[in-house]
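**Student:** After the structure tokens below, expect a handful of questions from me.
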Amino acid sequence: MFATQDTILKLLTLCALAHSITALALSEKSPSPGSTPLDPSHKYLIVRGESPSSSQEHVEFDNAATLLLRAFKNQQVPETPGDLEECSAPSHKATFSGYDYVILLGMLVISLGIGIFYGFFQKGGSSSNEFLLGSEMSIFPVTLSLTTSFITAIELLGNPSEMYFQGTQFVLIVIPMVLVIPVAVKIFYPIYFKMELTSCYEYLGIRFGKEIRILGAVLYVIQMCFYTAVAVLAPAIALSKATGLDTKIAVILIYVVCVFYSSQGGMKAVVIADSFQAAVLAVSLVLIVGLGSFYSGNPIEVFQTAAKHNRLEFFNMDPSPTTRHTVWSVVIGGFFYWTSLFCTNQASVQKCMSLKSLRLAKIALGFAIIGLIAVFLLNFYTGLMVFTHYADCDPLTAGRISATDQLLPYYVINTYEHIYSVAGIFVAGIFAASLGTVASALNSLSAVTCEDLLVNGMNIKISPEKGATYAKWMSLGFGIASFGLVFIVEHLGGVLQATLTLNGLIGGVTLGLFVLGIACKQANTKGAFYGGLLSLALVIFVGVVAQIVSVEQPALPTSIENCDCHVNLTNIIGNLLTEPVQVIEEGGFTSWPIFRLSYMWYSMIGCLLTVFLGWLISLIIDFVQRRNVLRITGKGIDNPAAAEEIFKSDSQVQYTTTTTVMPDPRETTSAEGHVNHAIRIDDE
């Protein structure tokens, strides 16, 4: 029976695709005389753009498809004692047990306890520097904290589904992680330590001026507020669908714990809590992989199954930038993405600056990246392991799950239901990743707001004693604001992916401002400011339009041939037959290739566009200013006392750029010419 059903489904699908692929439009005219009327629900049938009245083939195919569907619906599965249940409506659903809740709550209570200890019992942290930087912390906890800062719950759930549905090309993302190390330890962090910065955006202020420092800080605040909301909401939704945990309860628990220990304990509490959460995350990942080797297949079986079903792909050399994942987009685009996270993101810079010396910071950063690579590789392997487990019965097609991000939670909850506490450890690891991301973001947002916006932007004088109090309230305020954004983003649906894209775009522009300051000597304040704003507007426009017109990447083939439940193929066929075909007309600016670029290129585009526009505008402004200065100087306006003497003299005007003490502009120049103070000031 199941072979017959599968054959019918394939025949109907192939027929529909064959008759639709060259179609142009559908006419709703009445059928030709003598033929059976068409069912209005079958508007998907399009045959070479011909109307039913002029195409007998069209009518016959429609009637044949209707009869096939009717016959398929009339088929009855024999009622036997061993009758299979419906896949999409199982009689038993695996849920959290009491042991699982104890483990999850235990992890949250310990994280709260860390905040209570450092907030109320540990001496120190009374000044803003101690609260925000932790006052010379040791290297081991900072390394673990750095690792967890870059691991979000979105990636823990999204990476396995990427391997499962799209293949392994994305694995190459670990290569740019290694390439970033020399850039970070040779260029960026020596600058930060030499200047003894609290906020990395202080560099932009020193290099360009107050306006650029404020611009960088505002971009970071916007970026991290939305990102933390998405980073908490996305895994909470996935976990709720797969485990039965209420989404709002999961979100509230994460924010209450994070806001408390980050606002009370400061950087020390964040780093120590991150270290504990990193241990929980590592245990959960190793446990799932270890159990999977027994229940789903050993590594040899996993890779053999992946190769058999075309999941192994590492060398897609397609030069087209519109291809989603290639060697070029993952390695080159990923390099700019990770550079923005490691080198110009306040959450990571602030933790490195909490160490005693640059040497320790380099060591911590190197080991953090190695740990990050290990976590990513384990996560990628988990996706292939899950595919081996469901190679003959895809839970998404069968109706067990409704979204790709629910794949890993569904696998863990259902496969290891009989093993107590495994589900609890896994969910605790997912919560730990969310806690680490949000806590680091809140603490860094406090630093940016206090140092860059209040003290530098608004000229508010904050004493070191009051700095810690201000930072605590800032951390609390940003936690509440991010929590409120969760319920706004929740109702926007498709904006979730757009928000993550926006995060990469803003990070690229911020990286471009730093590169402009470090690499371009000619760059000036106005060039950086206008170049940054113009680049931001352009990349956001491209990113938003790309999200609107984007077509979802088709998944690699999956199978439901050997499911241990009854797959409701009637509903699948009915959806195929009743789904109308929309003809997409190519044309307009949305069809431009720029809007079909792979999302992996967004950070690179934002960075390079900022550098180019900032450099170009700086040259134009510098040229205009020098021309105006020369014109003013030629008229003698800058030195009225010597104007008449200069115009009477036939000698050539000479300019000097010496760095000696500037004389009084009112003094009379010698007969050799006069000193152009405007050019001297500009050069200095």
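The values are calculated or read from the model by the stated rules, or taken from the named source; none is laboratory data. Quick caveat: nothing in here was measured; it's all calculated off a predicted structure. All Cβ positions, even for glycine, are placed from backbone atoms using ideal geometry, and neighbour counts span all protein chains on display. To get the accessible areas, we keep the full protein, side chains included, count just its heavy atoms, and leave off ligands, DNA and RNA. Shrake-Rupley method; radii C 1.70, N 1.55, O 1.52, S 1.80 Å.
**Student:** Here are some residues: LEU536, LEU577. Which one is modelled with pLDDT under 80, crowded, with 18+ Cβ neighbours inside 10 Å and either β-branched (Val, Ile, Thr) or part of a helix (DSSP H, G or I) (or both)?
**Tutor:** Numbers: LEU536 fails: modelled with pLDDT under 80.
Selected residue: LEU577, the only one of LEU536, LEU577 that is modelled with pLDDT under 80, crowded, with 18+ Cβ neighbours inside 10 Å and either β-branched (Val, Ile, Thr) or part of a helix (DSSP H, G or I) (or both).
**Student:** Looking only at helices (runs of 4 or more DSSP H) that lie completely in the range 330-416, which have at least 3 residues being touching a Cys at 6+ places or on another chain (Cβ under 6 Å), closer than 30 Å to PHE96 by Cβ and modelled with pLDDT under 90?
**Tutor:** Values: elements: 334-343, 346-353, 358-389, 395-398, 407-415.
Ranges flagged: none.
**Student:** For the range 546-567, give me the residue count where each residue is open to solvent by 40 Å² or more (accessible area, probe 1.4 Å), out of contact with any helix residue (DSSP H, G or I) (no Cβ under 8 Å at 6 or more places or on another chain) and either among the aliphatic types (A, V, I, L, M) or outside any loop (DSSP other than H, G, I, E, B) (or both).
**Tutor:** Within the range 546-567, residues that are open to solvent by 40 Å² or more (accessible area, probe 1.4 Å), out of contact with any helix residue (DSSP H, G or I) (no Cβ under 8 Å at 6 or more places or on another chain) and either among the aliphatic types (A, V, I, L, M) or outside any loop (DSSP other than H, G, I, E, B) (or both) number 1.
**Student:** How many residues does the range 301-326 hold that are surrounded by fewer than 16 Cβ atoms within 10 Å (Cβ to Cβ) and either in a helix (DSSP H, G or I) or at positive phi (or both)?
**Tutor:** Residues in the range 301-326 being surrounded by fewer than 16 Cβ atoms within 10 Å (Cβ to Cβ) and either in a helix (DSSP H, G or I) or at positive phi (or both): 5 in total.
**Student:** When both residues are 6+ apart or on different chains and their Cβ atoms are under 7 Å apart, which pairs have a first residue that lies in the range 228-241 and is open to solvent by less than 10 Å² (accessible area, probe 1.4 Å), and a second that is of a type in the set (Val, Ile, Thr) and not in a helix (DSSP H, G or I)?
**Tutor:** ALA231/THR152
**Student:** Another question about this same structure. Give SER275, SER263, SER293 a once-over and let me know the one that is crowded, with 24+ Cβ neighbours inside 10 Å, hydroxyl-bearing (Ser, Thr, Tyr) and part of a helix (DSSP H, G or I). Working first, answer last.
**Tutor:** Values: SER275 fails: crowded, with 24+ Cβ neighbours inside 10 Å; SER293 fails: crowded, with 24+ Cβ neighbours inside 10 Å.
None of the others qualify; the one that does is SER263.
**Student:** While we're here: If you check every pair at least six apart or on different chains, which have Cβ atoms under 6 Å apart with a residue in the range 173-197 that is in contact (Cβ under 8 Å) with a residue 12 or more places away in the chain first and a residue that is open to solvent by 40 Å² or more (accessible area, probe 1.4 Å) second?
**Tutor:** PRO176/PHE335; LEU179/PHE335; VAL185/LYS362; PHE193/LEU358
**Student:** Based on what the data block shows, is LEU396 buried (at least 23 other Cβ atoms within 10 Å of the Cβ) and either touching a helix residue (DSSP H, G or I) at 6+ places or on another chain (Cβ under 9 Å) or farther than 29 Å from ALA307 by Cβ (or both)?
**Tutor:** Details: buried (at least 23 other Cβ atoms within 10 Å of the Cβ): no; either touching a helix residue (DSSP H, G or I) at 6+ places or on another chain (Cβ under 9 Å) or farther than 29 Å from ALA307 by Cβ (or both): yes.
No; evaluated as a whole, the condition is false for this residue.
**Student:** Separate question: Has the range 500-523 got any residue that is assigned to a helix (DSSP H, G or I), among the polar types (S, T, N, Q) and open to solvent by 40 Å² or more (accessible area, probe 1.4 Å)?
**Tutor:** So in the range 500-523, the residues assigned to a helix (DSSP H, G or I) come out as 500-519.
Add one more test, that the residue is among the polar types (S, T, N, Q), and what stays is 501, 503, 510.
From what's left, open to solvent by 40 Å² or more (accessible area, probe 1.4 Å): none.
So far as the range 500-523 goes, no, none of its residues is assigned to a helix (DSSP H, G or I), among the polar types (S, T, N, Q) and open to solvent by 40 Å² or more (accessible area, probe 1.4 Å).
To keep it simple, each residue is scored yes or no on (1) closer than 30 Å to PHE294 by Cβ; (2) open to solvent by less than 10 Å² (accessible area, probe 1.4 Å); (3) in contact (Cβ under 8 Å) with a residue 40 or more places away in the chain.
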| position | (1), (2), (3) |
| --- | --- |
| ALA403 | yes, no, yes |
| PRO409 | yes, yes, yes |
| ALA428 | yes, yes, yes |
| VAL438 | no, yes, yes |
| LEU454 | no, no, no |
| ILE460 | no, no, no |
| SER463 | no, no, no |
| GLY477 | no, no, no |
| GLY484 | no, no, no |
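**Student:** Among (1) under 30 Å from GLY383 (Cα atoms); (2) in a helix (DSSP H, G or I), which single condition is ILE151 missing?
**Tutor:** With respect to (1) under 30 Å from GLY383 (Cα atoms); (2) in a helix (DSSP H, G or I), ILE151 is out only on (2).
**Student:** Sticking with this structure for a sec: Between a residue in the range 84-109 that is without any contact (Cβ under 8 Å) to a residue 24 or more places away in the chain and any residue that is open to solvent by 50 Å² or more (accessible area, probe 1.4 Å), which pairs come within a Cβ distance under 8 Å, given they are 6 or more apart or on different chains?
**Tutor:** SER91/GLU85
**Student:** Separate question: For the range 159-214, what are the residues that are modelled with pLDDT of 90 or more, outside any helix (DSSP H, G or I) and within 26 Å of LEU516 (Cβ to Cβ)?
**Tutor:** Across the range 159-214, the qualifying residue is only PHE208.
**Student:** Modelled with pLDDT under 85 and part of a loop (DSSP other than H, G, I, E, B) - does that describe any residue in the range 440-458?
**Tutor:** yes
**Student:** Follow-up. Keeping to the range 93-116, report how many residues are crowded, with 18+ Cβ neighbours inside 10 Å and not in a helix (DSSP H, G or I).
**Tutor:** Count: 1.
**Student:** In addition: Taking the range 389-414 on its own, how many of its residues are in contact with a Leu (Cβ under 8 Å, 6 or more places away or on another chain) and among the basic types (Lys, Arg)?
**Tutor:** Adding up the residues that qualify gives 0.
**Student:** Kindly provide the set of residues from the range 242-258 that are among the aliphatic types (A, V, I, L, M), at pLDDT 80 or above and crowded, with 22+ Cβ neighbours inside 10 Å, ordered by number.
**Tutor:** As a first pass, look at the range 242-258 and keep what is among the aliphatic types (A, V, I, L, M): 242, 245, 249-254, 256-257.
From the residues that got through so far, the ones that are at pLDDT 80 or above too are 249-254, 256-257.
Hits for the range 242-258 are ALA250, VAL251, ILE254, VAL257.
**Student:** Scan the range 182-207 residue by residue and report those that are closer than 14 Å to ALA361 by Cα and loosely packed, with under 15 Cβ neighbours inside 10 Å.
**Tutor:** Residues of the range 182-207 closer than 14 Å to ALA361 by Cα: 182-194, 196-197.
Matches in the range 182-207: PRO182, LYS186, PRO190, LYS194, GLU196.
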